[in-house]
Amino acid sequence: MFDSLTKGFQNLFRRFSGDSKLSAENIQEALREVRMALLEADVNLQVIRDFLAKVKEKALGQEVLEGVNPGQMLVKIISDELTALMGGEAVPLVRADKPPTVILMAGLQGAGKTTTCGKLAARLLKDKRRVLLVAADLQRPAAVEQLKVLGASLGVSVHAEQGASPPEVCARAVERARREGFDTVILDTAGRLHVDDALMTEVADVARRTTPHEVLLVCDAMTGQDAVNSARAFDQRLPLTGVILTKLDGDARGGAAMSLRAVTGKPIKFIGTGEKSDRIEPFHPQRMAERILGMGDVVGLVERAQEVINADEAKAQAEKMFLGSFTLDDFLGMIDKVRSMGPLKDIMSMLPGMGGQLEGLDVDEKEFDRSRAMIQSMTAKERVTPEIINGSRRERIARGSGTKPEQVDELLRNFRGLKKQMQSMRKMGMLGGLMDPAKGLRKEKQRELERMQAMGVNPLDPQQVRAFRAHLDREERAKARKDRKRKR
Ligand SMILES: Nc1nc2c(ncn2[C@@H]2O[C@H](COP(=O)(O)OP(=O)(O)O)[C@@H](O)[C@H]2O)c(=O)[nH]1
Ligand SMILES: [Mg+2]
């Protein structure tokens with residue numbers, strides 16, 4: 001995502017880290033560079049102009065701090081301004097006080113409306129909400145079918161009718177949702193190749209008939225400034241409440257992401273990052289700014305990992321690792337978890353400092369599949385006690401998985417390395433000294449772990465552990481105070 005932009009910014013910051021202070025000259029030079037980077041990213045011209053003016057004003061007004069290099073100062077200013085440009089705060093979906101919540105999806109043909117309807121439905125479903133998808137694209141003969149198939153694959157009801165106009169279908173669907181107790185209705189309307197008056201009137205009619213709580217414009221990020229221009233046109237005809245930006249996975253420039261909010265004044269609520277139903281994320285301006293600047297999106301990464309790895313499982317796995325009973329079966333499970341988080345390259349670009357360095361780096365996803373095949377060719381006993389894998393066993397495993405014996409060795413080395421790494425993480429206290437494999441779980445720690453589990457605290461998350469301990473401290477002090485009172 002946004003590779004060139006990220007690289008541009010990183011060069012800029014590197015160059016400036018040599019200067020000792022921000023000055024009128026180097027600010028001017030920096031702004032020239034930023035302008036180039038933004039132009040290259042296909043950001044709207046007016047947006048660039050306003051953005052640069054703000055950055056300049058802030059940079060000039062900045063007090064010169066000893067010991068802070070201008071590169072860092074600029075990162076901070078630009079990061080703040082980028083965040084503001086993209087809307088500042090994340091804006092969640094509206095939920096009606098009285099169900100059903102009605103969500104209307106509009107946008108050009110091929111922007112990703114139907115796909116996004118499915119993605120939203122899948123998200124809402126996770127929150128145990130009852131969703132009704134409505135096929136209101138009656139332009140393309142296959143459109144109704146597409147939604148029906150999507151709905152069936154997700155287990156979501158789809159409302160479709162023949163021989164009625166889209167506004168009628170939608171109005172009846174909302175009625176039905178009210179009657180049958182659905183709490184969210186998502187209207188998948190017809191797209192258009194260009195902004196076209198007749199179809200625009202149709203969607204406006206749908207909006208009038210259904211008074212939606214959300215009117216979301218679905219925009220294809222890959223179309224850059226065209227997306228921004230069509231958004232302006234939709235905004236004039238529809239009471240838009242927000243934008244969903246799709247295909248960010250294929251958008252190397254980022255111009256739409258940076259311009260849309262400024263041009264329409266409407267918040268970007270979600271981004272689509274792939275074709276599958278789970279490739280959708282709430283849009284967080286600050287995280288996106290940090291991602292663009294190559295600062296990584298650690299929070300996003302953690303959240304994504306948490307979605308895939310459920311907390312209980314993670315806890316159980318951690319306990320195993322520290323008690324030395326982590327096996328190749330567990331390793332296999334871990335490989336599958338990482339794989340299900342999405343393309344490796346995506347995940348790695350969320351790590352700080354990795355953004356600009358990924359180009360040309362070929363992450364070998366096949367490696368995972370190979371490891372998987374090898375573990376699956378092992379016997380249950382070998383998976384638990386890999387030490388018994390001798391020459392002939394190694395031969396057999398290699399044959400069974402279509403690999404070479406050296407590759408089996410490499411896998412085993414990796415596995416041992418991972419185990420060792422986990423052990424040293426524990427030694428460094430990264431896990432709050434929870435467990436001590438030498439003595440097994442100590443009683444007191446065991447009790448603490450049990451309390452954490454009871455309270456739903458993740459023992460692998462240092463922040464949660466700190467909060468948990470602070471809570472215990474407070475409790476303890478309160479109890480001590482009470483005891484003292486009672487004694488007196
Ligand atoms: N890579 C990628 N493809 C997407 C995304 N969203 C939608 N698509 C693809 O875009 C194409 C058009 O999507 P569709 O939902 O039918 O668009 P509609 O005409 O607006 O309903 C399909 O091939 C989708 O798989 C996304 O976030 N990333
Ligand atoms: Mg469609």
In order through region 283-288: 3J(HN,Hα) via Karplus (6.51 cos²θ - 1.76 cosθ + 1.60), integer Hz, x for Gly, Pro: 8, 10, x, 5, 4, 5
Amide H contacts under 5 Å for Gly107, placed H, 5+ residues apart: Val218
Order by protection proxy (mean Cβ within 10 Å, highest first), peptides 211-217, 98-104: 211-217, 98-104
For region 240-253, 3J(HN,Hα) per residue [Karplus equation, 6.51 cos²θ - 1.76 cosθ + 1.60, θ = phi - 60°, Hz, x = Gly/Pro]: 4, 10, x, 10, 10, 9, 9, 6, 5, 5, x, 9, 8, 9
Approximate spin-label separation Glu145-Ala470, in nm, with each point projected 7 Å along Cα-to-Cβ: 5.8
Length gained when the stretch Lys419-Lys76 is fully extended (0.36 nm per residue, less Cα-Cα span): 119.7 nm
Virtual paramagnetic centre 7 Å along Cα→Cβ of Arg172, amide N under 15 Å, in region 110-148: 134-138
Gly112 long-range amide H proximity, modeled H, under 5 Å: none
Surface share of carbon and sulfur [accessible, 1.4 angstrom probe, percent] for region 101-295: 48
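Can you figure out the FRET efficiency of Ile335 with Asn229, using R₀ = 45 Å and their beta-carbon distance, to the nearest 0.05?
0.50
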Amide H within-cut-off set for Ile268, under 5 Å, with H built and near neighbours excluded: Val243
Length gained when the stretch Arg208-Arg15 is fully extended (0.36 nm per residue, less Cα-Cα span): 64.0 nm
Among 105-117, 76-88, the order from most to least packed when residues are scored by Cβ within 10 Å on average: 105-117, 76-88
Spin-label proximity, Lys276 to region 110-126 - amide N less than 15 Å from point 7 Å beyond Cα toward beta carbon: 119, 122-123
Kirkwood Rh in Å, taken over all unlike Cα pairs in region 101-295: 16.6
Projected label distance in nm at Ala152 and Arg451, using a 7 Å step from Cα toward the beta-carbon: 5.4
Ser401 - accessible surface, heavy atoms, 1.4 Å probe, Å² rounded to 10: 20
Accessible area (Å², 1.4 Å probe, nearest 10) - Arg130: 110
FRET efficiency, Thr385 to Ala164 (Cβ-Cβ, R0 56 Å, nearest 0.05): 0.25
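The values are calculated or read from the model by the stated rules, or taken from the named source; none is laboratory data. On a predicted model such as this, the values are computed, not experimentally measured, just so you know. All Cβ positions, glycine included, derive from the backbone under ideal geometry; neighbour counts span all protein chains shown. Ligands, DNA and RNA are excluded from the accessible area calculation, which covers all protein heavy atoms including side chains. Shrake-Rupley method; radii C 1.70, N 1.55, O 1.52, S 1.80 Å.
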